[in-house]
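Worksheet: the structure to be examined is printed underneath.
FYI, it's all coordinate maths here, none of it is from the lab. Here the structure is a predicted model, which means the values were calculated and not measured. With ideal geometry, Cβ positions are generated from the backbone for all residues, glycine too; neighbour counts draw on all protein chains shown.
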Amino acid sequence: MADFWKKSVVYQIYPKSFKDSNNDGIGDLRGIIEKLDYLQELGVDIIWLNPVYASPQADNGYDISDYFSIYPPFGTLDDMKQLLQESHRRGIKVMMDLVVNHTSDEHIWFKESRKSRDNPYRDFYIWRDARGYDDNRKPIPPNNWGSFFSGSAWEWDENTEQFYLHLFSKNQPDLNWENDLVRRKIYDMMNWWMQMGVDGWRIDTCNLYSKQTAFLDFPSRDGEKYVISPMYARGPRIHEFLREMNREVFSRYDCVTVGEAPFTTAEEAIIYTAPGERKLNMIFTFEHMEIDSAPGSMNGKWDIAKLNLPRLKKVFEKWQKTLYKKGWNSLYWNNHDQPRIVSRWGDDGQYRVKSAKMLACILHLMQGTPFIYQGEEIGMTNCRYNLEDYNDIEIHNAYREIVQEQKTMTHDEFMEAVHKKGRDNARTPFQWDDSENAGFSSARPWLKVNPRYKEINAEKDRKSPDSIYYWYQKLIRLRKEMEIITEGDFNLLFPDDEDIFAYMRTFEDERLIVVGNFSGKTREIELDGQLDVYEILLKNYDERLSISNRITVKPWEVFALYRG
Ligand code: TEU
Ligand code: CA
């Protein structure tokens, strides 16, 4: 069915933390199969699986050593085939995670490539000579490019006396997309998975493949030794490559694609997602997720700014209006790289349920395809662990660089930032019930369970009609029932209000007004129009909501008014 993804809701599963079926402390494919009924009852249409391929797990699967086999603790190819079969039997499609900007350094291609300068696989990766040598005869990297995981984007290989490029960790060498054979092998691999029955792709760092092949320094700020530049995402051939990927793979199937596109603006998103461009169906933007990073800080995401709601609203307004009738938005608050939204911009204390519902409603009633990250539907929260409890390479590399080397943050300051923004906030085991390890496993999990699992778990939510779970179930259903949600336009209300996020959707004679309070304050608002013809579609307070032009909005309250 054309554009099925426009009325779909995607549920993102981080397999390592979803359900452990064989009690080794690691989530697995059979655990996901066990929970497909749960997902079917929630009403999700598509599952996005984070990488399940063979991997040494340096970056939890984003370092792939074999694209044609499953990471053994997750299961086997037969388990994957059964997961596809069982999902399809329930009317649920499955997207795989495509990680082809880089492989693991344990991939056979890289093992060969690093053997010698004239190895047939040498040109599968990006090798460059040292720019020179310092006084201690230490080789100097070819340029000042920085890794997203701290330090230089170049790693010296003693054996062949050259550097190789890695925009992420040194265990994730970048593939050379200029090499036609590399691209051919990637497309063949993708078609192999599509032939198995995979329904689409979440494309990791989809806009980083094309490099600035002159490999010149990027402009740097004072004291900035390594630069992570937006020019990473503006390589000269990126659109050619994505169009080629569409021609060689996507165009042959009725599939859904979403590209993770760091640095991309709303205007550029049209070039990635306009149907006529024949590239991707939608992209993940990072712009709204960077609102609470102090601008221009040398400590990047770890320098946290307070949420500026007017700025957040303007970002959403820009993406809604720019892509309207031109492209398509993905809609997300959470994923495996982001902290839990109810802790980040809601209230994970006394107003946890109300604020989680408010956040969900504001997101899901906009135009685009919503992505629910596992645990979001039951209001899972951030965790506060000690440094040694964390597993994430991004956290540990940043600690070494920021606290131990640059000393631009103290241990306590950095730990406070990890508790607020660390990726492992999203990666703690799913909280199924209040039994040991939250019902995730009877073995010690690979990452500690969030201690709040006794209070926050799926079993408890499914027993309570007013739970966040059933709120999400209703939002998912409304998307299928109400054309205004998928087709309507978007107009922001009260743009400068620092507490209230409100907007109007219009579709033919239909109107939808959504009002959310992003604060613990009680506020008064004035709504224009003849409100007595509106019905209350959703509200997160039990008390009767009297609809008039002057409305009192309670702490973390959200309501949606509809006129047919
Ligand atoms: O993330 C790409 C990316 O930009 C992130 O590294 C982001 O900058 C960072 O996580 C913000 O904290 C993708 C995957 O989603 C991520 O899990 C992988 O680590 C990364 O690519 C490398 O494959
Ligand atoms: Ca397991």
Note on the range 108-165: alpha-carbon gyration tensor, axes a ≥ b ≥ c; rule is a/c under 1.5 for rounded, else prolate if a/b larger than b/c, else oblate; result oblate
For the range 298-308, Karplus-derived ³J(HN,Hα) couplings (6.51, -1.76, 1.60; θ = phi - 60°; whole Hz; x for glycine and proline) come out as 6, 8, x, 5, 7, 8, 9, 9, 5, 4, 9
In nanometres, the difference between 0.36 nm per residue of separation and the alpha-carbon distance of residue 326 and residue 387 is 17.5 nm
Here FRET efficiency (C-beta to C-beta, residue 552 to residue 119, R₀ 56 Å, nearest 0.05) is 0.20
Pseudo-spin-label distance residue 544 to residue 41, built 7 Å along Cα→Cβ, given in nm, is 3.4
Per its Cα gyration tensor (rounded if a/c is under 1.5, else prolate when a/b beats b/c, else oblate), the range 384-426 is best filed as prolate
Rounded to the nearest whole number, the Stokes-Einstein translational diffusion coefficient of the range 487-563 at 10 °C and 1.306 mPa s (Kirkwood radius, C-alpha pairs) in µm²/s is 125
Rounded to one decimal in nm, the spacing of the 7 Å Cα→Cβ label points at residue 531 and residue 265 is 3.8
In terms of the alpha carbon gyration tensor, root eigenvalues a ≥ b ≥ c, rounded if a/c is under 1.5 and otherwise prolate when a/b exceeds b/c or oblate, the range 180-327 is oblate
As straight-line cross-link partners of residue 279, the qualifying lysines (C-alpha separation under 18 Å, not fewer than 8 residues apart within one chain) are 6, 325, 326
For the range 180-327 the mean separation of alpha carbon contacts under 8 Å (6+ apart) over residue count, i.e. relative contact order in percent, is 21
Nearest-0.05 FRET efficiency for residue 66 and residue 3 at R0 = 30 Å, using Cβ-Cβ distance, is 0.35
In units of 2.2 N^0.38 Å, the Cα radius of gyration of the chain is 0.97
Pairs over 21 Å Cα to Cα, from 420/448; 306/474; 93/460; 306/539; 357/463, come to 306/474; 93/460; 306/539
Expected unfolding gain across residue 307-residue 396 under the 0.36 nm per residue rule, minus the alpha-carbon gap, is 29.5 nm
Under the Karplus relation with 6.51, -1.76 and 1.60 and θ = phi - 60°, whole-Hz ³J(HN,Hα) for the range 481-491, x at Gly and Pro, equal 8, 10, 4, 4, 5, 8, 10, x, 8, 9, 10
So residue 480 and residue 81, fully extended at 0.36 nm per residue minus their Cα-Cα distance, gain in nm 140.8 nm
Whole-Hz Karplus couplings 3J(HN,Hα) for the range 105-117, θ = phi - 60° and coefficients 6.51, -1.76, 1.60, Gly and Pro as x, run 6, 9, 5, 4, 4, 6, 4, 5, 4, 7, 5, 7, 5
Each label sits 7 Å from Cα toward the beta-carbon; between residue 433 and residue 298 the label points are separated, in nm, by 5.3
The answer for residue 346, listing residues at least 5 apart or on another chain whose modeled amide H is closer than 5 Å to its amide H, is none
Expressed as a whole-number percentage, the relative contact order of the chain with C-alpha contacts under 8 angstrom and at least six residues apart is 13
